[in-house]
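A.B. asks: Starting off with a structure, shown below.
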Amino acid sequence: MIGTATATFLVRLVTTGRLCGAGPGSALAEVGAAVRGPFVDDVDAAGQCLRRDHGVVEFSFNAEGAQWVMSGMTLQLHRLAGNPGPGAALARRRRRRAPSHRGLAGFCARR
């Protein structure tokens, strides 16, 4: 069973297509300012696609000139149950703090 705050968060995401005010077309810096917590970045070999793993949410970006622009996001609901996903292994390899799986409370830096 999910709480009211989590349900509200999910409904807002599904109905607006935006998370913490950021959505497709947002620059990497905008997402960084909007979303709190640790993350792991993974850039493809060609340097054209970036995946930013925040644990429960993964953002996808495409290179547009010198800027990364969000192309989409994936909500990883299975991670709420404690499955850390691929970001945790990548963080360990890079000796970085793994993305948090604390759930959705306090995810947005601003309201």
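A.B. asks: Tell me which residues, restricted to the stretch 4-22, are open to solvent by 40 Å² or more (accessible area, probe 1.4 Å) and either assigned to a loop (DSSP other than H, G, I, E, B) or polar (S, T, N, Q) (or both). Full working, then the answer.
C.D. replies: The first filter runs over the stretch 4-22 and keeps only residues open to solvent by 40 Å² or more (accessible area, probe 1.4 Å), leaving 4-5, 8, 11-12, 14-16, 18, 21.
Passing the criteria: Thr4, Thr8, Thr15, Thr16, Arg18, Gly21.
A.B. asks: Still on this structure, please answer the following. Just checking, which of Ala33, Ala45 is within 16 Å of Cys108 (Cα to Cα), surrounded by fewer than 16 Cβ atoms within 10 Å (Cβ to Cβ) and either in contact (Cβ under 8 Å) with a residue 24 or more places away in the chain or small (Gly, Ala, Ser) (or both)?
C.D. replies: Ala33
The values are calculated or read from the model by the stated rules, or taken from the named source; none is laboratory data. What you see is a predicted model, and the numbers here were worked out from it, not measured in a lab. Note: ideal-geometry Cβ built from the backbone for every residue, glycine included; neighbour counts use all protein chains shown. For the accessible areas, the whole protein counts, side chains as well, though only heavy atoms, and no ligand, DNA or RNA atoms are used. Shrake-Rupley method; radii C 1.70, N 1.55, O 1.52, S 1.80 Å.
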